[in-house]
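Following: one structure in C-alpha cells, then a few remarks.
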C-alpha cells in the first residue's frame, strides 16, 4: 500500500501521512521513471527520528499523468515538498529554518524539490481592511513583503566530497577500469612477468570511481546492488507500481549506503580541508538558480525553426547532387538504342566506357545494382527501379515513420558528400583513405612522363608486391587518366605565374606564385605559399620529378594511395599531422572554403553554402538535446507575486545540476550552463545565456575576476621570492598591466606573436598549467598561419626561455663539497648550475655522467620572468602532501607521493604526467579557494546589510547574483568589497600584509537584466537576428567601476531609507 505524498514510519511499525519531514538534517534520495520524464516518482529520506517515503501523484493515481512531463515542463505541484504544505507556494512566516540535505550527486535530487524553485521568501504578512465604497463590504486582502534570499536549506554532496578527498585523474580512471577487468587480480610477480610495473596501481586502494556503488565499496568495504535500478530507467509507471515494495527498498538501501559513506568520508574531509570557508563555499555553490520566462520557450522555438530550415536547405542541395551523381548510371541505360550504341563502341575500340568509372570523385562508390525482380503483375513499363548500393543507403523505406521520397537520409556527416560535391584542395580532387582520412593525390612521376598518351593507355605493369602496398586491390579501376588531367590543370593554374628569386636570379618552385595569390587575403596567400613550399619538399624527394623517390616518403604516402603513380597527401588537421581529417565539411574548414582553398570543381557555391549552413547549425545540433531537456519548472499566475508580473505570460526557473566539486581540482561541473558559449552571429541558439532573464524588478549583478589564476600564480611567486607584491617580473606585469589599455600579459603576448588576446590567454595559461614547447608550437601554427613549423618552434623555445627560463640544478651537500676544490665554481656553489657547468665539475673530478643526479638537490627554473613562480609551484607539488597556500586544502589521496612516485628527474613518463597534474592542481585548486572565499564573504555581506539578493551561478571566473532592483547598487558595492577582502585574505595567507590598489577591486561590475558576457552585447544570432534589444525588448546593461559605485551608494552598504509601500498607506 502506498499513499500520495510523504509517509513517516514510526518506531512501533506503524506509519502516518505527513506534509513533509520536519527534521533539520536528513539523508535523501530521489528516483525518477525516465520513460515518463524528469519529474520525481518516489523518494526516501532518513532522519535522526526515522524513515520517510514519498510517492508522486502519477504513481498513486493513474489518471494524474501530466502530458507536460514529457515536454520538460513541470509545475511546483509535481515536485517534492520539504518545507511547505500541499498548495503552499511561499514560505509562511516563521517556518523558514536552516536544513542540511545529504545525498550522492545531490544536485539531481535538489532539482526535484519544490521550495528550491521559490524566487521569493515571505518575510512579513499583514491583513488590511479595504472598504469597498459601493457595496460597503469589508474585504480582507493580503499584502506581503518578499525578499530574494531563497530557502535556507543547503545540500551536501557525498560525490563531491569523495572527488575532493579521493578523486582520480583521467589516466588513473583508465587504469582503474583496466584493473576492474582483471589486472588487479594479478600478483606483483605475474605483473612483472608481463612487463607491468605494480607501482602504477599503488593508489588504487585509496580511490574509486564516482558512482555510489564504488564509493560505498571504497569507504565501507561493502557491496551495493544496483540491478533494480533498470526498472526506473527502462520500465513504465505500471512496472514501478507492480514492484513497488522492492523498489522502495532499493531506494532506501541507497539512502542507507549514502549515510554510511557520509559518516566515513566527513572526518576525512574535515582533516584534509580544515578551513570552514571551503565547506561554506561548496554549500553556497549548491544553490544555483536561473530564472526564465516565456521568452525561453520562444527562444527554443525560434532556434528549432531556423535550424530545421537550414537543415532542409542543406538536405535539398545534397539530394540534388546525389541525383546528379546517379545520372552517371541512368544515362547509360536510358534506351535500347543507347545500349546497342555503347556495345558497338566497346566492340570497335575494345575499351569499356562507363561514366562513373571515369570520375575521380565517384569511381570508388559502391555502384553495384541488384538484379531486378519483376512480379507477374508488373509490366515492362512499370518495373521497380534499381539503384546502386550507395544510393540505396540514402533512401527511406515507405514503412518508416519519418519517410521522405528520394535520397532523404543524406547528411553532411556522410563520407560520400565531399565526393558528390566534387570538392578540391587547391584544385586537386579530394580522396578518402581508410588509413589516412581525407586528403588529395599528387603525381609521383615527372609531368612529361605522366602526360605521355602511350603510357596512359598501356598496362600499369605492376607486380603483385607493388599492388599489395596500396589501399585499392584492383588499382586498374582508378581513373588515372581523368585524374591526371585535373591534376595537371590545377598545378599549372597554381604555378602559372613565375617569379625570379631576387637573390639568385633563379626560379624554383618556392618562388612560383599562382594567380590565386591575387585578390586574396594575406592569410590565404600565405597558405598557398606554404602549399607551394610543400610541393618543393615533394620535389626534393623526387615525388613529382625525375630521379628515385625516397623510400620513407614513398612507403608512407603509397599506403594510402589508390595508384602507384600517385602519392597521398592528407589534409591539415588543427591538432597536428598525427590526426586524420574525418570530414572536410566540418566547421574547422570554413575559412578554407571562404578563401577558395577548399572548393567545388563545378565552380558553384554549393560547397561553401553547405559548410556555412553546417557551421551555423553546429551549436544547436550539439547542444539542442541538453537545452531542450532542461528541467524547467513553471509558476502558475497565483504563485507569482512580482511587480509588473503581467509583462510576461509565464515565469519559471531552472536549477543547474552542478557537481560542486566535480574535478580533481575541485572545480564545479555542469554539462550545459558551465560550458555555455557566448553569442555568435553565425551560430543558431548561441544566445542561450541571454535567455536567462531577471524577473520584473530584479537585476543580475556580477563580475569577471580579472586574470584570477594569473594573479594567484604571480602572487605565489612574489611571496616566495621576497614577500613583496610585484617583486618578480610576472608579478610586476600582473599589477601594472591593464586589459583596456592593452598592457596586461595576455594583450602583450598577443601583440608580440601576432595572435588574438583570447588565443594568447590559452597559450599563457597552458604554460602556467605545465604545457611544454610542443603545445606552444602547435597552438602558434594554429593561431598564426603565417608561421612555418620551424618559425613556430623557434618562437616557442624563445618564449619559454624568456618566461619559464632554463632547467638548472641546485647542488646538494656532496656537490657543493666538490665545488670547494674547483676554483672556477667555488663562488657559485649555492647558485643554479647549467648542465654544461655541472658536467665541467664532474669532468674535473672524473665522475661518470650517469652519476649526475647524485650531486643534485633539486631541479629549478632560472633566468625567466616566471621562474620564481614555477619553482614555488613545483616545490608545493613535490611536497609530502601538496596543499593550497591559501586555505590549506590537500590534494586527492590518489596523488600524494606515498602512492604516486615523485621523481624530481621526471625520467618516468607517468610520474612526469603526475608532476604536471600536481602543478596544475596548485593553481586551479587555489582559484577554487578564491571562489569559495568570494561566495562566503558575499553571503555574509548580504545577510549583514540586508541586501535583497541570492547567488545565481558561477561560470569559470564569472559570478552572478540575482538582486532586487532597488538593491542592485548596494549589491555591486558589496561585490567590490568582497573582491577586496578576498584578495587581502589570499595575500595574508601568503605572508604579505598589504594589497596593491590596482588589484583590490573589479575593473567593472555588470548590472544587467540578462545573463550575458558583456552588458553591451546585443546577442545577434541567426535565431535572434534582431538582437536582445529589438527582439526581446531587453535594454543594454551598465558597467560600473568602484568610483562610480561609491558615487551611487555614497560609499555605504546601509539602506538609505526604508522601502516604501504606497499601497499600505
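Figure the gain on full extension for residue 806 and residue 851 (residue separation times 0.36 nm, minus the Cα-Cα span) and round it to one decimal in nm.
Details: separation 45, 0.36 × 45 = 16.20 nm, distance 2.12 nm.
Contour length minus Cα-Cα distance gives 14.1 nm.
Starting from the Cα of residue 1054, step 7 Å along the direction of its Cβ; do the same at residue 579; then give the gap between the two resulting points in nm.
Placing both labels 7 Å along Cα→Cβ, they lie 5.9 nm apart.
Using R₀ = 30 Å, calculate the FRET efficiency as 1/(1 + (r/R₀)^6) where r is the Cβ-Cβ separation of residue 3 and residue 626; round to 0.05.
Numbers: r = 35 Å, r/R0 = 1.18.
According to the calculation, E is roughly 0.25.
Averaged across orientations, what area in nm² does the convex hull of the alpha carbons in segment 724-910 project?
On the way: hull surface 55.1 nm².
Value for segment 724-910: 13.8 nm².
Can you compute the FRET efficiency between residue 312 and residue 401 using 1/(1 + (r/R0)^6), with r the Cβ-Cβ distance and R0 = 22 Å? Round to the nearest 0.05. Present the calculation step by step, with values, prior to reporting the outcome.
Values: r = 18 Å, r/R0 = 0.82.
Taking R0 as 22 Å, the efficiency between residue 312 and residue 401 is 0.75.
Given C-alpha coordinates of segment 658-707, what is the ratio Rg to Rh with the Kirkwood estimate of Rh? Don't jump to the answer; show the numbers that get you there.
Numbers: Rg = 14.0 Å, Rh = 13.5 Å.
Ratio value, two decimals: 1.04.
Measuring from label point to label point, each 7 Å out along Cα→Cβ, what is the residue 392 to residue 957 span in nm?
Taking the simple label geometry, residue 392 and residue 957 are separated by 5.9 nm.
Please sort 84-97, 1005-1018 by packing, taking for each peptide the average over its residues of neighbouring beta carbons within 10 angstrom, highest first.
Values: 84-97: 14.3, 1005-1018: 21.1.
Result, highest mean Cβ count within 10 Å first: 1005-1018, 84-97.
Can you tell me which of 295-301, 364-370, 323-329 comes out highest on packing, and rank the rest after it, using the mean Cβ neighbours within 10 Å? Display every interim value, and only then the final one.
Values: 295-301: 18.6, 364-370: 14.9, 323-329: 16.7.
Ranked by mean Cβ neighbours within 10 Å, highest first: 295-301, 323-329, 364-370.
Would any residue of segment 209-249 have its amide N under 17 Å from a label point 7 Å out along Cα→Cβ of residue 264? List them or say none.
209-226
Within 10 Å, count the other beta carbons around each residue, average over each peptide in 99-106, 165-172, and list them highest first. Walk me through the intermediate numbers first.
Numbers: 99-106: 21.8, 165-172: 20.1.
In descending order of packing, they fall as 99-106, 165-172.
Between residue 830 and residue 898, with labels modelled 7 Å along Cα→Cβ, what's the label distance in nm to one decimal, could you check?
Those two pseudo-labels are separated by 3.5 nm.
What fraction of the Cα pairs in segment 772-820, stated in percent, has a spacing above 13 angstrom?
The proportion of pairs with Cα distances above 13 Å equals 62 percent.
No lab work stands behind these numbers, since they all come straight from the coordinates. Worth saying up front: this structure is predicted, and the values here are computed from it rather than measured. Positions of Cβ are generated from backbone atoms using ideal geometry, with glycine treated the same way; all protein chains shown enter the neighbour counts.
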